[in-house]
1. Are there any pairs with C-beta distances below 6 angstrom linking a residue in region 281-309 that is within 25 Å of residue 123 (Cβ to Cβ) to a residue that is hydroxyl-bearing (Ser, Thr, Tyr) and not in a loop (DSSP other than H, G, I, E, B), with the two at least 6 apart or on different chains, and if so which?
2. Right, residue 99: at negative phi, touching a Phe, Trp or Tyr at 6+ places or on another chain (Cβ under 8 Å) and among the basic types (Lys, Arg) or not?
3. Confirm whether residue 321 is among the small types (Gly, Ala, Ser), touching a residue at least 60 places away in the same chain (Cβ under 8 Å) and in contact with a strand residue (DSSP E or B) (Cβ under 9 Å, 6 or more places away or on another chain).
4. So if I check each of 137, 197, 157, which one is over 28 Å from residue 83 (Cα atoms), in contact with a helix residue (DSSP H, G or I) (Cβ under 7 Å, 6 or more places away or on another chain) and of a type in the set (A, V, I, L, M, F, W, C)?
5. Say we look at region 148-164 and pick out the residues that are without any contact (Cβ under 8 Å) to a residue 60 or more places away in the chain and either in contact with a Lys or Arg (Cβ under 7 Å, 6 or more places away or on another chain) or of a type in the set (D, E, K, R) (or both); which of these is nearest to residue 187 (Cα to Cα)?
6. Would you please name the residue that is surrounded by the fewest Cβ atoms within 10 Å (Cβ to Cβ), looking only at residues in region 17-72 that are over 15 Å from residue 102 (Cα atoms) and of a type in the set (Val, Ile, Thr)?
7. From the residues in region 139-185 that are under 17 Å from the mean Cα position of the chain (by Cα) and of a type in the set (D, E, K, R), which one is most open to solvent (accessible area, probe 1.4 Å)?
8. Of the conditions (1) on the phi > 0 side of the Ramachandran plot; (2) modelled with pLDDT of 85 or more, residue 288 satisfies every one except a single condition; which number is it?
Amino acid sequence: MKRDLLDKLSHWKSNPKRKPLILQGARQVGKTFLLKEFGQTAFSKMHYINFEKDQIAHTIFEKNLTPQRILSDLTLHLETKIDINNDLLFFDEIQECSKALTSLKYFNEELPALAICAAGSLLGLSLTPGSFPVGKVEFLKLHPMSFSEFLLAKGDVTLLDFWKQAESKDPMSIAIHEKLWENLKIYFIVGGLPQAVLSYIEKKGEPLEAFSSVREKQEALVTSYIADMAKHSGKLNSMHLERLWKNIPSQLARTQDGSAKKFQFKDVLPGKNKYSQLVGTIDWLRTAGLLIQIPIVNQAQSPLHAYKKESFFKLYCFDVGILGALSQLSPKTILDYNYGTYKGYFAENFVAQELLYSGHESLFGWNEGEAEVEFLYEHDGVVVAVEV
């Protein structure tokens, strides 16, 4: 599964002033697979450490954080020589070893020739103060697969070309539009998590069996995300996280026009009906990459940040396929496109994801009186409105 982020990784490699790179993203979006693929194809050799599985590797960073000494110990631990000028050193699940994260600062200062990549799903949730190498690392973020990446994974190269050319002023033919539309509905079911995409591709010749397999995989992924909540936040907090996360799809039931409104705090968690009581839970889910938070502004003027209120926002699921699973919408209902005003929420969720994939990390919604526009972003100081 070719990911668009490979191009950015290649640019990072060729930059003579590169710093150690941290690849962020929710669990199961494909960070490990992507960096392994990158390491195996772009470097002479890749050296892999998983700090979640390899407890002995933790001890290498206990003595001191001198890069040459660490490399020497890693050479013995991995039983292979690390070529500073031609190899890639890959630290996976780096959030499990705060001292390894801190060491990136010293690798940047004392051993800049060595290419180091790290991946972490829950950075910022479990690290101690002072462990983060501020200003000494670079960041990239990996999202679930976009619609174009999904088409490529399916092998629909010709259709993908038409999709990419859709920016031109020439109208798209009805035949091509219908083919893309059918594939978009499939994407609404499958989403962009690589395991779900693979489940569909392996059995796409038998659609009923393929969609059933996808839903089973998505339900297993939901269970694993909930297990992560318990592991990293404790039993009581994890119950709050799970309840709020699963509440996101049901928010649409409060509207009649199929358009997502401001997130309502009432009845989400027992005895908590104010933003101040829920902000910690929302921040945890956002930091873990499991939801998309879109601030609502009441003026469509630059700078948009100046017109947002902390307690006014919309929440979307990080992956449209997981949204379907959490909503318990059957694949047939989505294929038939027969789910009433909820279609509007699905469409918004999809557009939010695509805008994020395109690099628009600062998205806003706009609302004044009875009027609204789903998304706003700034481009070269100009506010761009996206109506869904």
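The values are calculated or read from the model by the stated rules, or taken from the named source; none is laboratory data. Owing to the predicted nature of the structure, the values given are computational and were not obtained by experimental measurement. Note: ideal-geometry Cβ built from the backbone for every residue, glycine included; neighbour counts use all protein chains shown. Ligands, DNA and RNA are stripped out before the accessible areas are found, and what is left, the full protein with its side chains, is counted by its heavy atoms. Shrake-Rupley method; radii C 1.70, N 1.55, O 1.52, S 1.80 Å.
1. Short answer, once both residue conditions are applied: 292/316.
2. yes
3. no
4. 197
5. Result: 154.
6. Going through the qualifying residues, I end up with 56.
7. Only one residue fits best here, namely 141.
8. Tallying (1) on the phi > 0 side of the Ramachandran plot; (2) modelled with pLDDT of 85 or more, residue 288 fails exactly one: (1).
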